[in-house]
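Structure provided below as structure tokens; questions to follow.
The values are calculated or read from the model by the stated rules, or taken from the named source; none is laboratory data. What you are looking at is a predicted structure, and each value in this text was computed from that prediction instead of being measured. Cβ placement follows ideal geometry from the backbone for every residue including glycine, while neighbour counts extend to all protein chains displayed. Note: areas computed on protein heavy atoms with side chains; ligands, DNA, RNA excluded. Shrake-Rupley method; radii C 1.70, N 1.55, O 1.52, S 1.80 Å.
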Amino acid sequence: MRWWKAVLLVSASLAAVSAGPARAETRSYVVTMFWHALETRDDDCPNGINPKIEVQYQKDLELLGYSKGEAAELIKQDGERGEDSNRGWETDKLGHILIDRARVGGKPVNAFMHPYATIDPVLITKTGKYAHGFNLDGKADAPGNFQNPDTKETGIDHQLARVFGCFENMRGTLKAGSAFWLYKWSSIKETMPAWTISVTGADLSKDGPVTISVGEAMEAVRYNGNGVGRPNMTYRQDPDPAFAKNVYEGEIKGGHIKITKPGSLYMEQDPLLFPVFSMEKFNADLRINPDGSLIGLIGGYQPIKEIYFAVASPSLESESNYAIDFPGMYYSLRKNADYNYDAKMQSNRNISAAYQIMAVPAHVAPATRNTVTN
Amino acid sequence: MSRKALMVGVAGLVVAAGAGAFFAFTPHKAAPVGEAGKAVTRRLTNDQYANVIAEVFGPSIELSGRLEPDTRANNLIEVGAGQVSVSSDGMAQYEMMARGIASQVVSERTRDEMLPCKPKAPKEADAACADQFLTRVGSLLFRRPLTAEEQKHYVTAAGESATTLKDFYAGVSLSLGAMLASPQFLFRHERVEADPDVKGEFRIDAYSKASRLSFFLWNSIPDDTLLAAAKSGELHTARGLNRQVARMLASPRLENGVRAFFADMFGFDALPTLAKDTTLYPSFDNVTVRDAEEQTLRTIADVLVSKQGDYRDIFTTRQTFLTQTLASIYNVELVNDAPNGGADMWLPYEFSENSGRGGVLTHLSFLALHSHPGRSSPTLRGKALREVMLCQKVPAPPAAVDFALVEDTSNPLFKTARQRLEAHRTNPVCAGCHKITDPVGLALETFDGDGSHRDTENGAQIDTNGELDGIKFSDAAGVGRAVHDNPAALSCVADRLVAYGLGRMPVESEAAWREGLKQSFAAAQYKFVELMSKIATSPEFYRAAPPAPTSTAALSAPNQSGQTEVVR
């Protein structure tokens, strides 16, 4: 080797060492919309949708042993009480019966707290082959799996779609959501700690591997006057270690940010309405819009207990307003749960689920920094 | 006497006391060569009205309702204030506001705090107590001691009302309301007297001088010390004037004065009604507008008052103050460590060197104010920069100009504003003005109509090369540097400040004084507060043309011993 070639080679090697890995960049987002990824289709509920709550209550009363006539009379009397200002809880006979329609040791107990101790009213669930979501178990043709209506991908695990698919208030579209989820989200979005998503990679303008982390902010999401999430706000990252594990390998590919190696997710929402939101085999596929915002799906296996208590917000009033028989929904959740078998329960504890989210660019900063100077 | 009759009586008192003022407000006309400029009677601006009420009665008094809108003339509201009258509707608004304030002042909740005394019997007249209160408050509101006649009128009216209504406080309230609706309060009338030190010259009198000083430096009324200096004659001595100006410049209230001047000069009165297309700029809301104004005024106050800095630096400094709302439009990280749900906080912030931001021309307040509702405007920005910062006049566009090419932002042939304007300038009628405005404004094109940053327009890279009076630059920060280095900017602010203080455009006989001010400004390293000081301590600032007989005869004014006289 000529001497100058040797010098060049050494120089090049040194340059390579000193340059080191390319500096990573991070882009962050805050979740501004959230709803169940249910795309209603005409053939979802061939036997009709679940009836109005008065009809459902008639059925529940009959299951409790009331005759058809007695049940009808109770509902009629309750209706006649109407909006009477003298109406008091003490005199709400039907309300007491319905709340305490569970039985433990033969005694009436709160059905919303003890849904398993009610008689299953057997609610109508969705059939059909199409649903959005993820192939969580890697099987392309397992029984009960769905097919993505847009991409035609098979093996979609989304049994929560079956449970919720035939409630009038939960039926809707992926794009617009449903009355139930819009109401729920609007109730919590300005008070719950914001969810943040941070994507880190060598060059986020190109396809390539990234690290995706999901966290919670100390602040609630800020919205513009038109109800759309305000982009580029700064959120402080909640340092709670429970959220620190929400880190996943992923990629940017074809204008999508995707998780490639699913893991566990632990999040919290509004402490009263959605205390905990967790998933196993958490997955995400989020499209990057031209304005920099994200829209797409998150999904995984979600504990049915968390869904039940979040959706049911257990009260008779919620049940009436949402027109969802909560104990019946509990049974549907249990029957359709498809992950994490519990021998004691003799059923699975988790159910495959998918949610549609929207997110806008945000700044995410450590919460410990003290920058207040005035 | 019925309550209605009493009200008419009090109203009559008001009109009688101020009748002359309504007819004395003729627009300022340039003085003949060699003659001093006329003293101007100015209506309180809305901000000044609010400042005075807060000053006299405290911040808890709520001002409900709208006042006559301020009028801008020669680029300044403070000049426009000398060219306005009050419409009958406007007078009704002033009266309503006055009654609202007066009733709050004497309300059961606040009367013990507001009044220096208690009546002997709350349901009876008490002339001594009413006099104590009304004389004190009157001297603050009128910026001078009440004349003996005024004092007697207001106290008598309060007593008669109290007797009729069997309520001392109702009587005081009516007289106070009358004061607040009086032209003596609403208008800053400057009285002219012969200058005993310079034969043949005239000057504004001591109380007028105190008032001019306090509104110039503090944007509010004179304090007790200043009124005392006026009363004693100290204000008419050079040493006394210097002492008072030095005291006022050292006061925290100076910041109010500096902010008021720049809010006026920069045309921020247009901000509250600034509207943007919420589809295109959904984040640009009322809070943004409010904060944008505050950001710029805070920045200016920080540079010029807190740091006693160089005026030119307001065009280049990257240091500013932001709220979280503003930070989101600037797209910068700004952490608020307040508890969740807490209000936005003002935090110091320094834009990075490569942000393209630097100086007030890159603030939202300038960029958004001088843009269209749905798009940026290099022309409007260039025009504003020349007219507001450099005091240059840009002619209005000729009639029947076809703006279609400029307004069509979806034309694939002209994706950027530069391309559209270049096409528009092929019309020679348009080219004349656009070559003055556009080269400056185009360098700010990396900021959209709401002031947010962008690198491209309709997918095309934005070219930010520009030029100002021969100085070329390649980005937005360069615009600020060009203004920083432009002598016209210094001359402009000095002239504006003089006009602001005088309430009229300077006249020819003041040219030498103004030139001297500019030289002093340069010698003081362009420290803005030094310029204010120099103006405030100049005898020329208080010199006035001889009073017109009709205007002085109509307005009675007290001399230093409090006696009414017509000043000649």
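Between exposed GluC sites (Glu not before Pro) in chain A, where DSSP calls loop and at most 16 other Cβ atoms lie within 10 Å, what's the longest gap?
A:191-374
Which entries in A:K68/A:K93; A:K139/A:K344; B:K435/B:K472; A:K139/A:K245; A:K281/A:K305; A:K139/A:K261 show an alpha-carbon gap greater than 19 Å?
In this structure, A:K139/A:K344; A:K139/A:K245 exceed 19 Å between Cα atoms.
While we're on this one: Using alpha carbons only, how many degrees (0 to 90, rounded to 10) separate the axis of helix B:286-301 from the longest principal axis of chain B?
Here the helix axis deviates by roughly 80 degrees.
Enter the angle in degrees (range 0 to 90, nearest 10) between the Cα long axis of helix B:88-105 and the first principal axis of the Cα atoms of chain B, meaning the one along which they spread out most.
70
Sticking with this structure for a sec: Measure off, as a whole percent, the carbon and sulfur share of the 1.4 Å-probe accessible area of the protein assembly as shown, all protein chains present.
Details: 22380 of 41670 Å².
Of all accessible area on the protein assembly as shown, carbon and sulfur atoms account for 54 percent.
Please give the charge dipole size of the stretch A:69-191, origin at the Cα centre, charges +1 on K and R Cβ atoms and -1 on D and E Cβ atoms. Round to the nearest 20 debye.
In debye, rounded to 20, the stretch A:69-191 gives about 320.
Within the stretch B:450-487, report the trypsin sites (Lys or Arg not before Pro) that DSSP leaves as loop and that have at most 16 other Cβ atoms within 10 Å.
Within the stretch B:450-487, the qualifying trypsin sites (Lys or Arg not before Pro) (loop, at most 16 other Cβ atoms within 10 Å) are B:R454.
Next up: Kindly report, to the nearest 10 Å², the accessible surface of B:E78 as traced by a 1.4 Å probe over protein heavy atoms only.
Near enough 10 Å² of accessible area.
Over the Cα atoms of the stretch A:288-365, each weighted equally, I'd like the Debye log10 I(q)/I(0) at q = 0.17, 0.28 Å⁻¹, rounded to two decimals.
Rounded to two decimals, the profile gives -0.78, -1.22.
Also, quick follow-up: In percent, what relative contact order does the stretch B:170-322 have, based on Cα pairs under 8 Å that are 6 or more apart in sequence?
Relative contact order comes out at 14 percent.
Could you tell me how many cubic angstrom of Cα convex hull volume the stretch A:131-287 has per residue?
143
Counting only other chains, and only Cβ atoms inside 10 Å, what mean value do you get across the residues of A:239-248? Don't skip to the end; give the middle numbers.
Numbers: counts 0, 0, 0, 0, 0, 0, 0, 0, 0, 0.
That works out to 0 on average.
Computed on protein heavy atoms with a 1.4 Å probe, what is the summed buried accessible area for the chain pair A and B, in Å² to the nearest 100?
1900
Moving to a separate point now. What value in Å³ per residue do you get for the convex hull of the alpha-carbon atoms in the stretch B:96-138? Working shown, then result.
Values: hull volume 3.5 nm³, N = 43.
Taking only Cα atoms, the stretch B:96-138 has a hull volume of 80 Å³ per residue.
Let me ask you something else. If you put +1 on each Lys and Arg Cβ and -1 on each Asp and Glu Cβ, how big is the dipole of the stretch B:188-246 around its Cα centre, in Debye rounded to 20?
80
Between A:D203 and A:V276, how many nm apart are label points set 7 Å from Cα along the C-beta direction?
According to this spin-label approximation, the distance is 4.4 nm.
Moving on. Under the √(5λ) rule applied to the eigenvalues of the Cα gyration tensor, what semi-axes describe the equivalent ellipsoid of the protein assembly as shown? Give them in Å, descending.
67, 43, 23
What whole-number value in cubic angstrom gives the convex hull volume per residue for the C-alpha atoms of the stretch B:455-523?
Spelled out: Cα convex hull of the stretch B:455-523, divided by residues, is 131 Å³.
Just for the Cα atoms in chain B, what are the lengths along the principal axes, largest first, rounded to whole Å?
Largest to smallest, the principal-axis extents are 80, 61, 47 Å.
When only DSSP loop residues count, what trypsin sites (Lys or Arg not before Pro) in the stretch B:54-145 have their Cβ near at most 11 other Cβ atoms within 10 Å?
B:R66, B:R109, B:K120
Starting from the amide H of B:E467, placed 1.01 Å from N in the peptide plane, find each other amide H under 5 Å away whose residue is 5 or more places distant or on another chain.
Amide H to amide H, under 5 Å and 5 or more residues apart or across chains, B:E467 pairs with B:V440, B:F473.
Ordered by residue, what ³J(HN,Hα) values in Hz, to whole numbers, does the stretch B:384-399 give under the Karplus form 6.51 cos²θ - 1.76 cosθ + 1.60, where θ = phi - 60° and Gly and Pro are x?
5, 4, 5, 7, 7, 8, 10, 6, 9, 9, 9, x, 6, x, x, 5
What is the spin-label model distance, in nm, from B:D112 to A:E317 if the labels are put 7 Å beyond Cα along the C-beta direction?
About 4.2 nm separates the two model spin labels.
Kirkwood Rh over alpha-carbon pairs of chain A, then Stokes-Einstein at 4 °C and 1.567 mPa s: what D in µm² s⁻¹, rounded to an integer?
Taking Rh from Cα pairs, D becomes 56 µm²/s.
Another question, then. In percent, what relative contact order does chain A have, based on Cα pairs under 8 Å that are 6 or more apart in sequence?
For chain A, the relative contact order is 22 percent.
What accessible area per residue, rounded to a whole number of Å², is obtained for the protein assembly as shown using a probe radius of 1.4 Å?
44
Still on this structure, please answer the following. Could you derive backbone 3J(HN,Hα) for the stretch A:324-333 from the dihedral phi with the Karplus parameters 6.51, -1.76 and 1.60 (θ = phi - 60°), listing whole Hz in sequence and x where the residue is Gly or Pro?
So the Karplus estimates, Gly and Pro as x, are 10, 6, 5, x, x, 4, 4, 5, 4, 4 Hz.
Could I ask something else about it? Calculate the dipole size of the protein assembly as shown relative to its Cα centre from +1 charges on Lys and Arg beta carbons and -1 charges on Asp and Glu beta carbons; express the result in debye to the nearest 20. Provide the component values of the computation, followed by the final result.
Numbers: 99 positive and 111 negative charges, 297 e Å.
Dipole about the Cα centre, nearest 20: 1420 debye.
Here's something else I'd like to know. With each label point set 7 Å from Cα along the Cα-Cβ vector, what nm distance links B:N331 and A:T211?
Distance between label points: 2.5 nm.
Do any trypsin sites (Lys or Arg not before Pro) in the stretch A:185-258 lie in a DSSP loop with no more than 10 other beta carbon atoms within 10 Å, and if so, which?
Values: sites: A:K189, A:K206, A:R222, A:R236, A:K245, A:K253, A:K258; in loops: A:K189, A:K206, A:R222, A:K245.
Sites meeting the loop and neighbour criteria: A:K206.
Just the ratio, please: alpha-carbon radius of gyration of the stretch B:258-484 over 2.2 N^0.38 Å, N its number of residues.
Working: Rg = 17.4 Å, N = 227, 2.2 N^0.38 = 17.3 Å.
Working it through for the stretch B:258-484, the quotient is 1.01.
Under 8 Å for C-alpha pairs, at least 6 residues apart: give me the relative contact order for chain B, rounded to a whole percent.
Numbers: 941 pairs, mean separation 104.1, N = 568.
Relative contact order of chain B: 18 percent.
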